[in-house]
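Heads up: the structure comes next, in structure tokens.
Values quoted throughout were computed directly from the atomic coordinates according to the rules given, and no laboratory measurement underlies them. Just so it is clear, the structure is predicted and the values come from calculations on it, not from any experiment. Note: ideal-geometry Cβ built from the backbone for every residue, glycine included; neighbour counts use all protein chains shown.
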Amino acid sequence: MKAISILSIGALAAISAGCSSTSQSVSATGERYPWKKNIVTTVFWIGEKPGGNNPVPNRISSWDKNWSRSYGGFDDPNPAHRRNLIPVKFTPRQNPFYCALPYNDKAATGHRPEAPRVVPWFKEAYQGPGVSTCKDRWVAIRKGDRTVYAQWEDAGPFRTDYWQYVFGNERPKTTLNRGAGLDVSPAVRDYLGLTETDVTDWRFVEFSEVPRGPWSTLGENNTFVISDRKTGNELAQASKPAEARAIAP
């Protein structure tokens, strides 16, 4: 979660327009996961220290108590300390294209009571009471004519129970961080050319809808990396019988 700066008049106008157009865009598109338009978007990063409007250190996430360690280090947001959308000091072990939305499907034990009802993919993604059905889901984020794809890795900004917005038709409450409803990583910021507080559109997408791009190359949690590794192993296994036949006397 990130401290907010003053929004421009144009950005505030866009938010107001989005409030009146959301229900129309949902019905017009017919998509399973319609765009949520003109959402105040702030930047956060793994390893961010608490302060200002960020009361919780981002070395842990809602779903990973060792988030910084899992990632490989501090995801330094300083552009001078980044190259090719990642920190210069190390190669992340998780997808550097990540985001946070204000809902956590997990409870202290098992899942929240409403989760099976409100999370659209809960049944198909369920892997037991200890596993989140939301972590690692793909999200499309749009600014102007550019769209980036990120994986959902934390709950926020500020709230972790706001399913009415994340999965429903409500707008983020303007009394909290001027209506911020999406946190994005430095890689997402840099790809879209966002300011520290900006306005974007976002929607959930199925993995099959996500094209290849800089978001598909890194991370042990990255569906592309996992899929490519599995395909590589299958090809290696399939080639072994052929090699055996080739060298047989």
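If you restrict to DSSP beta bridges whose two residues both lie in the range 9-213, what percentage is antiparallel, to the nearest 5?
75 percent
Arrange Trp152, Trp215 by Cβ neighbour counts within 10 Å, fewest through most, would you? Spell out each step's value before the answer.
On the way: Trp152 20, Trp215 24.
Fewest-to-most Cβ neighbours within 10 Å comes out as Trp152, Trp215.
Determine the alpha carbon to alpha carbon distance for each of Lys37/Lys123; Lys106/Lys135; Lys49/Lys135 and list only those over 20 Å. Please list the in-between numbers first.
Working: Lys37/Lys123 27 Å; Lys106/Lys135 10 Å; Lys49/Lys135 22 Å.
From Lys37/Lys123; Lys106/Lys135; Lys49/Lys135, over 20 Å: Lys37/Lys123; Lys49/Lys135.
Could you name the aspartates and glutamates whose alpha carbon sits less than 14 Å from that of Lys89, not counting residues in the same chain fewer than 8 places away?
Asp75, Asp76
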